[in-house]
Each structure stands twice: as C-alpha cells, then as structure tokens.
C-alpha cells in the first residue's frame, strides 16, 4: 500500500512523520483546512480539503486512498463537553473510512495514557484515547496503533519559555525519550512491511531519564541560549486549574508523566522497525 492520507500533518509530531513518509516514497496526501501552512511545509504533497467533524468531507478526501494516518490530540484549552477530534472525530473518520474503502487506519496514541485509573488518577482526555483505540480495533478495518514515550520535541515546542525550561512538580519515573524523526522512520517502515494484519507498536528511545534529568541534558547541550529550569509546584498548578483550562491540562499531563512507571517494552518494535538513533544530547545540540 502506497497511498496515505495524513490527518494532522502540520503539528509538532505530524511534520516529521509526514516528512519521513514522503522520503520513503509513499504517495502522501494531507487533509487540511488551510492550505498555506501545509503547502509551505510540504510543497510536493497533495492537499485535500477536509475536517474531522465533517464526515462528508472525509469521504471525499479518503476516496482512492489506502491508509489513513491519524495525528490527533486534545487541545490544551478545550473542555470535555466540546467536540473532540479523538471522540466525535474518530467516529466520523471510521465511518468515512468504511465508506471510502480505506485498507488501514493508523493512530498515534501514547504510553502514558495507560496511567489512567492508577493512584486514583482519572482524566477524561486519557479516557478518550482509550475509547478511540477500542473504536478503531472494533471497526473491522486493519489497524496500526503506536504507543510512544515522551517526545524530545516536548522541550523546545512546549516547555521552552524564553530562556527557561518549565517543569511541574517532581518527576519520579524515567521516560524513554524518543525523537519524532526516529518515530517517523519507524512509521514509514511499518507501512512498507504490513499487509492485512493488525499491529501495535511501543515506541521508545535509547535511554530513560526523569524529566529533571532530561531537562539538564537538554540545557547542557542547547546552543542557542543559556537556559535555566523553572519548576512550578504541582499544588499551585492544580489550584489554578480550577479556573484556567490550560493549567488544568498541564496538571493532569504532568501528574501522569511524573508518576507513570514506564518500563522498556520496545525491543519487538526495534526488531521489526529498526532501532532509534537519536540521543537527547544530540537532539538538543542540533536545534
């Protein structure tokens, strides 16, 4: 299968995956609402108008495609009551995929969402991810589901504020940080070797660090500016989360990341899709 339509191609994680798919020779189409940004990033890619909340636009975009790759997320400022790409959007995507004859659905999930239900932690955003997985698995369409650890891109794109790396609380558990380019190469490889089987892949990098350890490595190797860390107490963030949705999101995701007991589970993925090559220190130095 060579024809892939990517949903979420212009985001932090969508860009490197799309780049690797194009580099691997796939016929890539991007589902977009606004052409300018997508065309600037990927001038050679085909563009299709569409919206995950508009099933008819999806059916039209999916026609003649073989694989749908989903890079969806809960916006940090959104609320549970609002339409969600991984809830209502997934329903539309599956229905449109069936109507258009899509042969595979691929979905970017996460490892940390498995923390839900542990230590009395329950978050609707993680519950949506779990539900999305079940919907895809029960769709009858062959699927590929990817469960990544924390991405190295989190530092420059989400945690870097001026000349400070913003941390929340005390990171207790190490995470196997993965570079998005390495992940993108694994995604491309998976599509080149799978046929009709269902696949699930754990995605992790070469070394595990707590967020504090990883922050120090990033700061020590970042060359654009001299950085420092800034740590916000979790209790303070949780309090402001009662009034500010973005703070509420930040508390939940950091509470899970700080405490999720991640183990190394990616050897089968490495055996099948290749071993990551990017070290966190090298990634920071390359920016």
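All of the numbers you see were taken from the coordinates with simple rules; none came from a lab. This structure is a prediction, so every number in the text was calculated from the model and none was measured. All Cβ positions, even for glycine, are placed from backbone atoms using ideal geometry, and neighbour counts span all protein chains on display.
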For segment 3-286, shape from the Cα gyration tensor axes a ≥ b ≥ c, cut at a/c of 1.5 then a/b versus b/c, turns out prolate
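Using DSSP, restrict attention to beta bridges with both residues in segment 112-222 and report what percent are antiparallel, rounded to the nearest 5.
40
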Measure nothing but the geometry: give the 0 to 90° angle between the long axis through the Cα atoms of 14-23 and the longest principal axis through the Cα atoms of the chain, rounded to 10°. 50
Relative to the first principal axis of the alpha-carbon coordinates of the chain, what is the inclination of helix 180-193, with its axis defined by its Cα atoms, in degrees from 0 to 90 and to the nearest 10? 30
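Relative contact order (percent) for the chain, with alpha-carbon contacts under 8 angstrom and 6 or more residues of separation?
Details: 517 pairs, mean separation 53.1, N = 287.
After rounding, I find 19 percent.
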Return the whole-Å distance between the Cα centroid of segment 184-200 and the Cα centroid of segment 8-37. 17
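To the nearest 0.05, how large is the calculated FRET efficiency for residue 198 and residue 127 if R₀ is 22 Å and r is the Cβ-Cβ distance?
It comes to 0.50.
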What's the ranking of 163-169, 39-45 by average number of surrounding C-beta atoms within 10 Å, highest first? 163-169, 39-45
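Out of the DSSP beta bridges found with both residues in the chain, what percent are antiparallel (nearest 5)?
Values: 5 of 37 bridges.
Approximately 15 percent, going by the DSSP bridge assignments.
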Cα gyration tensor, segment 113-269 - rounded (a/c under 1.5), prolate or oblate: oblate
For an R0 of 41 angstrom, estimate the FRET efficiency from the Cβ-Cβ distance between residue 287 and residue 243 and round to the nearest 0.05. 0.75
Cα gyration tensor shape of segment 101-192, rounded if a/c is under 1.5, else prolate or oblate by comparing a/b with b/c: oblate
Proxy reagent accessibility, fewest Cβ within 10 Å first, across 150, 229, 77: 77, 229, 150
How big is segment 176-240 along each principal axis, measuring the range of its Cα positions in Å and listing the largest first? 49, 34, 18
Helix 245-259 versus the longest principal axis of the chain: what is the Cα-based angle in degrees, 0 to 90, to the nearest 10? 80
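Considering only DSSP beta bridges where both residues belong to segment 1-139, give the percentage that are antiparallel (nearest 5).
Numbers: 1 of 18 bridges.
Given both bridge residues lie in segment 1-139, the antiparallel proportion sits at roughly 5 percent.
Counting only Cα atoms, I'd like the Rg/Rh figure for segment 106-151, Kirkwood definition for Rh.
Values: Rg = 11.4 Å, Rh = 11.3 Å.
So for segment 106-151, dividing Rg by the Kirkwood Rh gives 1.00.
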Per DSSP helix of 4 or more residues, -39500 (n - 2.57); summed, then divided by the residues of the chain. What does that give at 222 nm, rounded to the nearest 500? -11500 deg cm²/dmol
